[in-house]
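To start, the structure under review is shown below, and the notes come after it.
Nothing in this text is a laboratory measurement; each read-out follows from the coordinates by a stated rule. Because the structure is predicted, anything quoted here is derived from the model rather than measured. Using ideal geometry, Cβ is built from the backbone for each residue, glycine included, and neighbour counts are taken over all protein chains shown.
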Amino acid sequence: MRRIREVLRLRAELGPNLSAISAGANLARSTVRAYLDRAAAAGLDAAAADGLSEAALEAALFPPPSAAQGRVLPDWAAIDQELRRHKHVTRKLLWMEYKAADPDGLGFSQFKLRLSEWQKASGRGLSMRQVHRAG
């Protein structure tokens, strides 16, 4: 459980001294600074935080990330088909085409991860190893 209320209460009592607040709340100064920055951005102080429940305070200071929701994901079936159809097509090449079309899209590592997850979920990444004994 986060000690946001305690940090805001100590801020009201002790003022801007981060070292004293972090010692009083048994938190790192960086954590205290992050909590206070989030509270300032949300417009909350100790009095306003007392009127909120734990869930409401958490939602006010730590809203869910919305940047990933706005991204356009590629058509994984078409990408997988391109990989299988052409011998010299690589994931990097397909990612570069995707980034050219959507500059705010996924990075290369996330592109590879999500493609492999899609392949596993669709059953296209399955293979069967066969051990052949010599002789």
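For Cα pairs less than 8 Å apart in space and 6+ apart in sequence, what is the mean separation divided by the residue count of the chain, i.e. the relative contact order in percent?
15 percent
Counting helices only, and only those DSSP H runs with n ≥ 4, report the 222 nm mean residue ellipticity of the chain as the sum of -39,500 (n - 2.57) divided by its residues, in deg cm²/dmol to the nearest 500.
Helix contribution divided over all residues of the chain: -18000 deg cm²/dmol.
Note down the magnitude of the dipole of the chain about its Cα centre, charges +1 on Lys and Arg C-beta and -1 on Asp and Glu C-beta and zero elsewhere, to the nearest 20 debye.
It works out to roughly 980 debye.
On a straight-distance basis, which lysines could pair with residue 99 in a cross-link, Cα separation under 17 angstrom, same-chain partners fewer than 8 positions away excluded?
Within reach: 112.
Ranked highest first by average number of other Cβ atoms within 10 Å, how do 77-86, 93-102 line up?
93-102, 77-86
Measuring from centroid to centroid over Cα atoms, what is the spacing of region 96-135 and region 1-58 in Å?
44 Å
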